[in-house]
Amino acid sequence: MDHTHAPILEALERYHERGELAFTPPGHKQARGADPLARKVLGDAVYLSDVLATGGLDDHRSSGNVLLRAEKLMADAVHAEHTFFSTCGSSLSVKAAMLSVAHPHQKLLLGRDAHKSVVSGLILSGIEPVWVDPQWDAKLNLAHPPSAADFEEAFEREPEARGALVTSPTPYGACAELSAIAEICHARSVPLIVDEAWGAHLPFHEGLPSWAMDAGADVCVTSIHKMGSGLEQGSVFHLRGDLIDPQVLKSRADLLGTTSPSVIIWAGLDGWRRQMMTQGHQLLDDVLRLASHVRAEIERIPGLHVNDRTDFTGPGKAADFDPLPVIIDVQALGTTGYRAGDWLRERRSTDMHLIDHRRIGAQLTHADSRATTAPLLDALKDLANHAEELAGAPVVDVPAGPQMRLEQTCLPRDAYFGRTEDVPLEEAVGRVAAEMITPYPPGIPAALPGERLTEPVLRYLRTGLDAGMNVPDPADPSLKTVRVIADRDRDHA
C-alpha cells in the first residue's frame, strides 16, 4: 500500500478546494456562525475542518470509502487484518472489544490493574469479571501487569471464561508477557484483548517492546492521542485471527459509538499513520536517544531517581519496559508526587502527566526535543533546590499489595444499578461499593461496584485525598460519604 497517501486528509483538502456550500450540520457553517471569542481562541482552521462525515466529506452513501481506505492503510501499517477508527477514545474501543468476546453473565479474565473504562464495560454489559491480580512490588508500592502464570491459573480455576484482557504497557511503561498470555488463551481457543492505550508508538521501532499484534493478540486497543500525534479522543482498535468476527466487533462499536464522528479526529489518525510510515523510525530513534539523555540527567539531580529497567523488570515484575514514560521517584526529597507535581505546575508552568504518592511522570514522545526537555530539566533541578518547601507533605497510607485487593461480591452491573445509599466514609467498612472510586491518573479504580470495602483501602483513599490525590468519579468527590448497596440488600451481596 502507498503510505504517502492520507485518504481523509486528502478528501478534506478537496472539500475545501471545491468550496462546498453546506446546508447540513455542523451548525457553525464553516465558522461563520461561531462565537467570536471561540473563533479567536480556537482559530478558524478548527471550524473549517469540522465537516459532516457522511454527506460532507464523503457523499451520503459513503461511496468514496474515505474512512474504509484510511482504516485499511492503518491496518497494513501495524500488521493487523482489520482496523477500526474511534472518535470516542479507547474507552469506547475497549468496551466494543469486551462485548465482542463475552456476553452478559459470561466470564472474562481481566487484570485487576485495568482502566476504569474496562469497569464501565462490565457495568454496561453484565459480564462477570474473573480478576487476575497484578504483581505487586512491595519496595516501590507499585503494581505491574499480571504474569502469564497468573492467567494460566485463572483459566484453570475458571475454564468457562470466554477470553482474557490485559493492560500493556501500563501508564508507568511496564509491559506484560503478551506472547505467553496469547499462547495460553489460544490453547483454549479463546481470544486475548490487549488494552495498549499507551502503546501507539510500539509498532514503529525495534528498540521498543513488542506490540500486541506481533505478540499474538486478537484485539488491540490503542489511543493515538497518548503516545502518537492524534487529537484527543482519537483511538483505533485492531483485529487479527478468526476467534472474533470482524462484523461482530464493528457492530459492537456501532452500538456504543457516536453517529456524528469528528472528521478532525479521523484526520488526525490518518495523518499520524502516514507520519509514522514515512518518518516514524527516525523520529523514534531521535526520541529514544533523547529519553536516554534525559534519564541520565535527572539521575544526576540530588533527591530524584528515574525508575529504569532494573526497577521495573525481572522475576515478579514486568516482562519488558518502555523508556519513554520517564517515571521519577521524588521520595528522597521528603515529599509526595502530588506536592511535587503541584509545585512544578504553579512555580514552573510545567505539567507532569502521571502523579502518585511518591512519583511524577514526564511523558516523552516524538514531538519532544532538547528545546522541550532542557526547560524540564531546569524545572526539576529547581524542584530539588526547593526541597525544604516541599517537606511536610501529608503521608499517603498505601496498603501492602494483598490489602489493596477487595472481595468481589456481585456483578459490577448489579451493584451499580441496584438500590444504593450514601454512608459516611467511616461507616463504609464492610459495605459493598456501588460506585467506582478511582485515583486519577492513572485511572485504575481502587474500589469498584460490587467490591466489599475495607479499612485499609478507605484509609488509603482518605489519606490520598488529604495529600492531593484526584478522585473525580464518586458521587461525593470529597469522600465524606461513599455510595454503597442499600442496607436492605446487603444480605444478597
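Laid out as a table, the results:
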{"item": "The stretch 322-371, relative contact order [Cα under 8 Å, separation at least 6], %", "result": "43"}
{"item": "Radius 14 Å from Cβ of Met98, net charge of other residues (Lys, Arg +1; Asp, Glu -1)", "result": "+3"}
{"item": "Span-like helix ranges in the chain, DSSP H, alpha carbon extent 20 angstrom or more, Kyte mean at least 0.0", "result": "370-385"}
{"item": "All-pairs alpha carbon distance profile, the chain, 20 Å steps from 0, percent", "result": "22, 54, 24, 0"}
{"item": "Heavy-atom accessible surface of the chain: percent carbon and sulfur, 1.4 Å", "result": "50"}
{"item": "Cβ charges +1 (Lys, Arg) and -1 (Asp, Glu), total dipole of the stretch 236-346, debye", "result": "140"}
{"item": "Using θ = phi - 60° and Karplus 6.51 cos²θ - 1.76 cosθ + 1.60, couplings along the stretch 420-433 (whole Hz; Gly, Pro as x)", "result": "10, 8, 9, 10, x, 3, 5, 9, 8, 4, x, 7, 9, 4"}
{"item": "Unit charges on C-beta of K, R, D, E only; dipole of the chain, Debye", "result": "780"}
{"item": "Mean separation of Cα contacts under 8 Å (6+ apart) over length of the stretch 48-139, as relative contact order %", "result": "19"}
{"item": "Unit charges at the beta carbon, dipole of the chain: most positive-side option, Asn307, Leu208, Gly126", "result": "Gly126"}
{"item": "Estimated 222 nm signal from helices in the chain, with DSSP H stretches of n ≥ 4 weighted -39500 (n - 2.57), rounded to 500", "result": "-11500 deg cm²/dmol"}
{"item": "Under 24 Å from Lys480, Cα to Cα: lysines that are on another chain or at least 8 residues apart", "result": "Lys116"}
{"item": "More than 16 angstrom apart: percent of Cα pairs within the stretch 102-167", "result": "45"}
{"item": "Relative contact order of the chain, pairs being alpha-carbon contacts under 8 Å that are 6 or more residues apart, as %", "result": "14"}
{"item": "Amide H partners (placed H, <5 Å) of Leu142, local residues excluded", "result": "Asp137"}
{"item": "Reciprocal of mean inverse Cα separation for the stretch 1-150 (Kirkwood radius, Å)", "result": "19.4"}
{"item": "Longest exposed-site-free window of the chain, the sites being GluC sites (Glu not before Pro) in a DSSP loop that have at most 16 other C-beta atoms within 10 Å", "result": "233-406"}
{"item": "Options Thr259, Ser90, Ala447, ranked by Cα towards positive dipole end of the chain, top entry (Cβ charges)", "result": "Thr259"}
{"item": "Globularity index of the stretch 362-493, i.e. its alpha-carbon radius of gyration over 2.2 N^0.38 Å", "result": "1.35"}
{"item": "Only Lys, Arg (+1) and Asp, Glu (-1) charged, at Cβ; the stretch 1-127 dipole about Cα centre in debye", "result": "540"}
{"item": "Amide H within-cut-off set for Thr438, under 5 Å, with H built and near neighbours excluded", "result": "Ala446, Asp473"}
{"item": "Accessible area per residue in Å² at 1.4 Å probe, computed on the chain", "result": "42"}
{"item": "5 angstrom amide H check on Leu108, placed H, neighbours 5+ away", "result": "Glu128, Val130, Arg162"}
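The values are calculated or read from the model by the stated rules, or taken from the named source; none is laboratory data. Because the structure is predicted, anything quoted here is derived from the model rather than measured. Please note: Cβ atoms are built from the backbone with ideal geometry, for glycine as well, and neighbour counts cover all protein chains shown. Ligands, DNA and RNA are excluded from the accessible area calculation, which covers all protein heavy atoms including side chains. Shrake-Rupley method; radii C 1.70, N 1.55, O 1.52, S 1.80 Å.
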